[in-house]
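What follows is a short report on a single structure.
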Amino acid sequence: MNGGGGAGAPGASADALGGLELLATAVLLADPDGQIRYANPAAENLLESSLKALSRQKLAALFGNGDELARLCALALDHQYGDLRQDLTLERAGREPLHVHSIVSAAEGGVVIELRENVQQLKLDREERILDQSQVNKELVRNLAHEIKNPLGGIRGAAQLLELELPPRHLSQLREYTQVIIKEADRLQTLVDRLLAPHRRPHIVGDVNIHEVCERVRSLMLAEFPHGLTIRRDYDASIPEFRGDKEQLIQTVLNIAHNAAQALCERIAAGDAELVLRTRVGRQVTLAKVRYALALDLHIIDNGPGISPQIRDRIFYPLVSGREGGSGLGLTLAQTFVQQHMGVIECESRPGLTDFRILLPLP
């Protein structure tokens, strides 16, 4: 950023502005009329706009609901408070709203506005979206599966009856076609049963040791991928047992680990594929708008190519798969099982590292 942009900042020396440019927190300086005079690089990044563009605007016009921020500035200028602190959701045309913690202070010749992204609010919003998405998915899948299931039985039955009526001289030739119908109907029936499985199977609750779950998954994975895949343990032995469905949790971790191993096929062939099972205790964790003092924080991390950006936001949708021939049900079932335990699955992915994080409340 050139120094000329900050020359007109209210009550700010060149040295002070130089110091602001090193901050990771977004800082804006405005004159008493609300005209922006300076924005540090962190503010340019947060607001996705240059100092030149920002300096042509007033605070009240910068956001769709900028009047609230302008009101805080007016209060600060009246010297009614030393500084004003408030959580704000700043609306922006055509962009995601900004959840920020704002600190507004009076300065010589104007006001200083400090904006810090409210990470906790962002996390809550993301979890709420995941829960809403999952609920819609469950209803859609359940209704769709029932709609498919009924005519599917009729198709299979009709093919069997047709096969019984085939003339003997054409039996071997035409039976091939009826068998295709029957086998494809059976394949679709299996798919429907998998879609309905989480809603049919009772939730069997008992004491669960998460490390027994991880060790079971580890042994299953190493049996399937004995060469080229290293599975590293990184356990916190202090994690207590909790009430849950052990088989559902094994299936959850196994689905994620299996997906990771399939994404790691090239690294497995090269002999440097790695899967990490990491357990930690999270403190003061909010899940589905409920705050828990303790939570299980389980990570399944791989060093694969990462999830394609095209499907990254849809990986928990049913029938969405990142590989050819995949059913797209593994992660949907995993999210359903975890939500039945009042938890959530999150995912961060980039080339070389994909981290699935399972959060479950602890007693």
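A quick yes/no check of all residues on (1) modelled with pLDDT of 80 or more; (2) assigned to a loop (DSSP other than H, G, I, E, B); (3) within 20 Å of Arg233 (Cα to Cα):
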site: Asp297; (1), (2), (3): yes, no, yes
site: Ile300; (1), (2), (3): yes, no, yes
site: Pro318; (1), (2), (3): no, yes, no
site: Leu331; (1), (2), (3): yes, no, no
What about Leu254, is it within 22 Å of the chain's Cα centre (by Cα) and at pLDDT 95 or above?
-> no
Limited to segment 209-253, what total is found for residues that are within 17 Å of Ala295 (Cα to Cα), in a strand (DSSP E or B) and of a type in the set (Lys, Arg)?
-> 1
Looking at Ile113, is it in contact with a strand residue (DSSP E or B) (Cβ under 9 Å, 6 or more places away or on another chain) and at pLDDT 75 or above?
-> yes
Which residue pairs have Cβ atoms under 7 Å apart, sit 6 or more places apart or on different chains, and have a first residue in segment 278-301 that is at positive phi and free of Cβ contacts under 8 Å to residues at least 24 places away in the same chain and a second that is in a strand (DSSP E or B) and among the charged types (D, E, K, R)?
-> Gln284/Arg291
Kindly list, by first and then second residue, each pair from a residue in segment 137-150 that is of a type in the set (Asp, Glu) to a residue that is in a helix (DSSP H, G or I) and at pLDDT 70 or above, limited to pairs with Cβ atoms under 7 Å and residues at least 6 apart or on different chains.
-> none
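The values are calculated or read from the model by the stated rules, or taken from the named source; none is laboratory data. The shown structure was predicted, so the numbers you read here are calculated from the model rather than taken from an experiment. Glycine gets a Cβ as well: all are built from the backbone with ideal geometry, and neighbour counts include every protein chain shown.
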